[in-house]
Amino acid sequence: MRGRNAPNLIGGALGWLWLAITILPIYYIVVTSLRPRAQYFSANPLSVPTAPTLTAYGQVLQADFATYFLNSVVVTGVSVAAAVFVCLLAAYVIVRNPSRFSRRFFDALLLGIAIPLQCVIIPVYYLIVQLGLYDTLWALILPSIAFAIPITVLILVNFLRDVPGELFESMTVDGASPWRMLWSLAVPLAKPAIITVAIYDALNVWNGFLFPLILTQSASQRVLPLSLWSFQGAFTVNVPAILAAVVLSVLPLLAAYAVGRRQLVSGLTAGFSK
């Protein structure tokens, strides 16, 4: 009993070390973004600014940051909503109609997980150009939906399989249609999984860099990850302004994770348990 209840000093020390390694870059980014540009090269990089200022944030907001932010919100919102809706329908059919076709369809979707994005960027570029969607937000939305489908279907299918079949049978006896069972039973019970895939897909779409770099060109269609790259060239040695743009672009992700962190953990656990 003593051996089992003894504190794990080595594990605790390693945990605190990992916490310090993780927090130190975040602390540096936030502190530097609040530091005046004139003090960046003369002050200690890890010291607290003696005269913190929001000048860097003002410079970023004046550099069309609102346009880039709105583009990212539109691309992420439409992509996640469409992907979750389509994948929810597909997962429901796969679970409730275990036919040979649905099994083959599910296997084909799972093959998409093994296909790296970089391997198909040229065919995607050619397809977008042929459709006349190059340099539009739809050029980012449609591929984002396609590449979110495999992992989203996997998580939703494994979660819906845990729903007792007796519940569906009882609603069938009461005369409920498949659509009624989907929206009145499957969706409420699968809420943790839906929130999980929504947050997971939103993180991937929001942080996406390759699609905006290849499929867009004009500044009016630019999203935040690509704008950070352009800010680096625009502000040159103005490091506080660059890091202020990083902080502003990360805030929505932190808010989404803070709201749905419990559902994210439970949904991922259910999704990868089989």
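The values are calculated or read from the model by the stated rules, or taken from the named source; none is laboratory data. This is a predicted model, so every value here is computed, not measured. Don't worry about glycine lacking a Cβ; one is built from the backbone with ideal geometry, like all the others, and counts go over all protein chains shown. Just so you know, the surface numbers come from the protein's heavy atoms only, side chains and all, with ligands and any DNA or RNA stripped out. Shrake-Rupley method; radii C 1.70, N 1.55, O 1.52, S 1.80 Å.
Just a few scattered comments:
- Considering only Val247, Val60, Val129, and ranking their Cα positions along the charge dipole of the chain that arises from unit charges at the beta-carbon of Lys, Arg, Asp and Glu, the one farthest toward the positive end is Val247.
- Gap separating the Cα centres of the stretch 79-107 and the stretch 117-138, nearest whole Å: 25 Å
- Over the chain: helical MRE at 222 nm, DSSP H runs n ≥ 4 each giving -39500 (n - 2.57), nearest 500: -22500 deg cm²/dmol
- Under the span-like rule (Cα at least 24 Å along the axis, Kyte-Doolittle mean at least 1.6), DSSP H helices of the chain: 9-33, 66-96, 138-160
- The charge dipole of the stretch 31-116, taken about its Cα centre with unit charges on the Cβ of Lys, Arg, Asp and Glu (plus for the first two, minus for the last two), comes to roughly 340 debye.
- Residue among Val124, Val78, Val48 with the largest mean-square fluctuation in a Gaussian network model of the chain, springs linking Cα atoms under 10 Å: Val48
- When Rg and the Kirkwood Rh are both derived from Cα coordinates, the Rg/Rh ratio for the stretch 143-211 amounts to 1.11.
- Using only side-chain charges placed at the Cβ, +1 for Lys and Arg and -1 for Asp and Glu, the dipole size of the chain relative to its Cα centre rounds to 580 debye.
- The alpha carbons of the chain give a radius of gyration and a Dmax of 23.3, 76 Å, in that order.
- Highest mobility in the GNM of the chain, judged by mean-square fluctuation with C-alpha springs under 10 Å and restricted to Ile141, Ile23, Ile155, is found for Ile23.
- Heavy atoms of Tyr126 accessible to a 1.4 Å probe, total area in Å² rounded to 10: 150 Å²
- The stretch 1-120 pair-distance distribution - Cα-Cα, 10 Å bins, rounded %: 10, 17, 18, 20, 23, 12, 2
- Think of the stretch 1-148 as having a plus end and a minus end, set by charges on the Cβ of Lys, Arg, Asp and Glu; of Ile10, Val93, Leu111, Ile10 sits farthest toward the positive end of this dipole.
- Overall shape of the stretch 75-133 was characterised from the C-alpha gyration tensor. The equivalent ellipsoid obtained from it has semi-axes of 26, 16, 11 Å, in decreasing order.
- Accessible solvent surface per residue of the chain, calculated while the other protein chains remain in place, 1.4 angstrom probe, Å²: 58 Å²
- By accessible area, using a 1.4 Å probe on protein heavy atoms only, the chain has 70% of its surface on carbon and sulfur.
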